[in-house]
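Take a look at the structure set out below.
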Amino acid sequence: MLSMLAWADSVGLVITAAIPGLIRTDRLNALIFLIVFSLIVVYFIRRAVRGKKLYVRPLAGLQAVEEAVGRATEMGKPVLFVPGTGDIDEIQTIAGLSILGLVARVTARYETPLLVPVLYPMPMAAAQEIVRESYIDEGKADRVRPETVQYVAGESFSFSARVGGMMLREKPAAHIFMGTFHAESLLLSEIGQSTGAIQIAGTAEPEQLPFFIAACDYTLIGEELYAASAYLSKEPKMLGSLKGQDLAKMIIIFCLFLGILAVTFGVYPEFVTDLFTAN
Amino acid sequence: MIVAFFGTGDMLADFSNEALRYMSIVAGFALLLGVISITRVSAGVVRKREKDWPHKIVLLLCLFTMAGFGIFQGITSGTVFEWLFENIQKPMMATMFSVLAFFIASAAYRAFRARTVEATILLITAVVVMLGRVPMGQYVYEHFPAVANWIMMFPSVAVQRGIIIGAALGAASMSLRIILGIERTYMGRG
């Protein structure tokens with residue numbers, strides 16, 4: 001089923017590309033890369049499904065999640081999870097919500113209170129469902145509280161003020177920030193740092209990473225956030241996609257290296273520049 | 001949406017724009033969910049007189065006051081809503097934003113301690129860039145601004161681009177997993 005979908009997707013795009021006038025030729029390079037990337041990822045997913053063992057390097061931040069929840073349980077304090085300040089249409093929010101599902105399982109298992117403040121109502125609805133399903137899967141359906149997932153505010157500084165207040169009043173023992181963050185990253189992580197809680201953060205916003213690295217105990221950088229759900233669930237299909245992604249990265253690095261040499265030594269520099277220009 | 005990105009047909013572009021419009025409409029209705037959630041949780045805390053229940057009364061008062069004035073009087077210039085926004089909400093937002101300056105200083109104080117080789121390099125680079133960005137730096141050493149600009153334009157941009165490339169591939173891989181139905185943890189199924 002998986003390979004049929006992937007092949008249909010690729011064939012459809014290739015047919016579209018083959019028919020002149022139907023495709024934007026200025027985006028052909030992106031289309032070819034998308035097809036190649038998809039095929040590589042699907043190939044490694046199939047390999048993983050066939051039972052091939054895949055090595056994924058340990059991510060300290062994710063290994064610390066269970067330790068952080070355990071610490072909160074021992075101290076009798078809640079765990080605070082912030083799935084970013086983006087709306088549901090952002091892929092980082094989806095990544096954050098995926099990690100929430102796995103963290104909610106651990107908190108359900110240890111019967112640790114969980115606080116999930118959310119900035120937008122649609123991620124709130126998704127988070128409520130995720131937490132409920134996670135608790136049901138752990139056999140702790142009666143432990144689900146309506147105030148676990150809270151719609152806090154519709155604006156980022158109001159959100160930061162409210163979550164900062166939560167940190168100072170409720171004093172969670174662990175803060176987990178996973179998703180899109182902007183100016184509130186420093187506010188949340190610094191306030192959290194002052195309470196002495198263990199802090200784990202992950203975002204793909206390059207401008208916010210330095211603040212998280214300075215204020216948090218563990219930080220997931222860029223792609224590690226997207227790999228987190230695969231890493232924590234250990235499903236072969238998801239781990240296979242990580243390997244495919246890594247191979248695609250190697251191809252990009254190789255192309256970058258060739259491109260640097262070509263432009264430096266004047267070997268078809270305009271062609272090479274156009275080849276890697278995104279429109 | 002993917003086909004619309006690569007296709008030239010007007011029909012594809014129209015469909016894509018229409019889908020985005022539907023999403024905005026759904027998001028508007030979803031806002032009701034948020035208001036109901038915040039009202040239900042806060043009212044519950046007030047009713048049971050739980051910890052910090054007076055704060056919840058203030059929250060509910062502010063929520064319904066702003067919403068009420070906005071709905072019945074409008075949000076244009078000269079309305080009570082606009083006055084509340086300009087004279088209460090905006091200054092509070094500015095206050096939170098201004099706290100960032102102090103937090104940057106405290107985060108920098110913690111991060112820039114020369115305990116390891118990497119931290120020492122970070123400290124030296126940060127000092128050079130900070131001096132290069134202020135007028136005084138030029139009087140300390142005339143080439144500080146040029147060195148600071150070089151650091152920001154080359155090594156810093158190179159690293160940011162590396163992170164962006166990795167993150168983009170990660171996002172594409174995750175999107176593919178979601179489209180193929182492999183990634184379902186965001187729906188609550190592990």
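Read-outs throughout are calculated quantities, based only on the coordinates presented, and are distinct from any laboratory measurement. Bear in mind that the values here come from a model prediction, so they are computed numbers and not experimental data. All Cβ positions, glycine included, derive from the backbone under ideal geometry; neighbour counts span all protein chains shown.
Evaluate the distance, in nm, between pseudo-label points positioned 7 Å from the Cα of A:Asp89 and of A:Glu207 along their respective Cα→Cβ axes.
Going by the 7 Å Cα→Cβ label model, 2.0 nm.
Could you check the simple spin-label distance between B:His55 and B:Thr8, using points 7 Å along Cα→Cβ, in nm with one decimal?
Each label point lies 7 Å from its Cα, and together they span 5.9 nm.
Report, please, the projected area of the protein assembly as shown averaged over directions, based on the convex hull of its C-alpha atoms, in nm².
Spelled out: convex hull of the Cα atoms, projected over all directions, averaged, 28.1 nm².
How do B:Tyr141, A:Tyr218 line up, fewest other C-beta atoms within 10 Å first?
Going from least to most buried by this count: B:Tyr141, A:Tyr218.
Going by how many other Cβ atoms sit within 10 Å of their own, how do B:Lys51, A:Lys237, A:Lys52 line up, fewest first?
The order, fewest Cβ neighbours first, is B:Lys51, A:Lys52, A:Lys237.
Of B:Leu31, B:Leu59, B:Leu123, which is the most mobile in a GNM of chain B whose springs link Cα atoms less than 10 angstrom apart?
The residue that fluctuates most here is B:Leu31.
Going through the cross-link list A:Lys77/B:Lys56; A:Lys52/A:Lys237; A:Lys53/A:Lys249; A:Lys52/A:Lys234; A:Lys77/B:Lys51; A:Lys171/B:Lys51, which pairs have a Cα-Cα distance over 18 Å in this structure?
A:Lys77/B:Lys56; A:Lys53/A:Lys249
Give me the Debye-computed log₁₀ of I(q)/I(0) at q = 0.12, 0.13, 0.21 Å⁻¹ for region A:131-277, equal point scatterers on Cα only, no solvent, two decimals.
The Cα Debye sum returns log10 ratios of -0.73, -0.81, -1.27.
With +1 assigned to the C-beta of every Lys and Arg and -1 to the C-beta of every Asp and Glu, and no other charges, what is the dipole magnitude of region A:27-129 about the Cα centre in debye, to the nearest 20?
Using Cβ point charges on Lys, Arg, Asp and Glu, region A:27-129 gives about 760 debye.
Taking chain B, how much of its Cα-Cα pair set, in percent, is spaced more than 23 angstrom apart?
The proportion of pairs with Cα distances above 23 Å equals 74 percent.
Between B:Thr116 and B:His143, take the C-beta separation as r, use R0 = 22 Å, and let me know the FRET efficiency to the nearest 0.05.
Calculated value: 0.20.
Rank these for me by crowding, A:Cys216, B:Cys62, going from fewest to most other beta carbons within 10 Å.
B:Cys62, A:Cys216
Extending each Cα 7 Å along its Cβ direction at A:Ala183 and B:Met92, get the distance between those two points in nm, one decimal.
1.6 nm
By how many degrees, between 0 and 90 and to the nearest 10, does the Cα long axis of helix A:28-49 differ from the longest principal axis of chain A?
Long axis of A:28-49 versus the principal axis of chain A: about 60 degrees.
Using the Cα centre of the protein assembly as shown as the reference point, and only Cβ charges (+1 on K/R, -1 on D/E), how large is the resulting charge dipole? Debye, rounded to the nearest 20.
So the magnitude is around 1360 debye.
For region B:73-176, evaluate the Debye formula with one uniform point scatterer on each Cα (no solvent term) and list log10 I(q)/I(0) at q = 0.23 Å⁻¹, rounded to two decimals.
-1.18
For chain B, the longest stretch holding no GluC sites (Glu not before Pro) located in a DSSP loop with at most 13 other Cβ atoms within 10 Å is which?
B:51-141
How big is region A:60-233 by the Kirkwood estimate over distinct Cα pairs, in Å?
Value: 15.4 Å, from the Cα pair sum.
Cross-link partners among aspartates and glutamates for B:Lys90, C-alpha distance below 15 Å, same-chain residues fewer than 8 apart left out?
Qualifying aspartates and glutamates at Cα under 15 Å: A:Glu155, B:Glu82.
Helix A:223-233 sits at what angle to the longest principal axis of chain A, using alpha carbons and giving 0 to 90 degrees rounded to 10?
60 degrees
Can you list the DSSP H helices in chain B whose Cα atoms extend at least 20 Å along the helix axis and whose mean Kyte-Doolittle hydropathy is 1.6 or higher?
B:117-133
Based only on Cα atoms, what mean projected area does the convex hull of region A:208-259 have, in nm²?
Convex hull of Cα atoms, orientation-averaged projection: 4.8 nm².
Which of A:Gly101, A:Ser160, A:Pro58 sits closest to the plus end of the dipole of region A:46-163, meaning its Cα is farthest towards the positive end, when Lys and Arg get +1 and Asp and Glu get -1 on the C-beta?
Toward the positive end, the furthest listed residue is A:Pro58.
Can you list residues whose amide H is under 5 Å from A:Gln150's amide H, if they're 5+ apart or on another chain and H is modeled 1.01 Å from N?
Amide H neighbours of A:Gln150, under 5 Å, 5+ apart: A:Val116, A:Val118.
Only Lys, Arg, Asp and Glu count, each charged at its Cβ (+1, +1, -1, -1), so figure out the dipole size of region A:60-233 about its Cα centre, rounded to 20 debye.
In debye, rounded to 20, region A:60-233 gives about 600.
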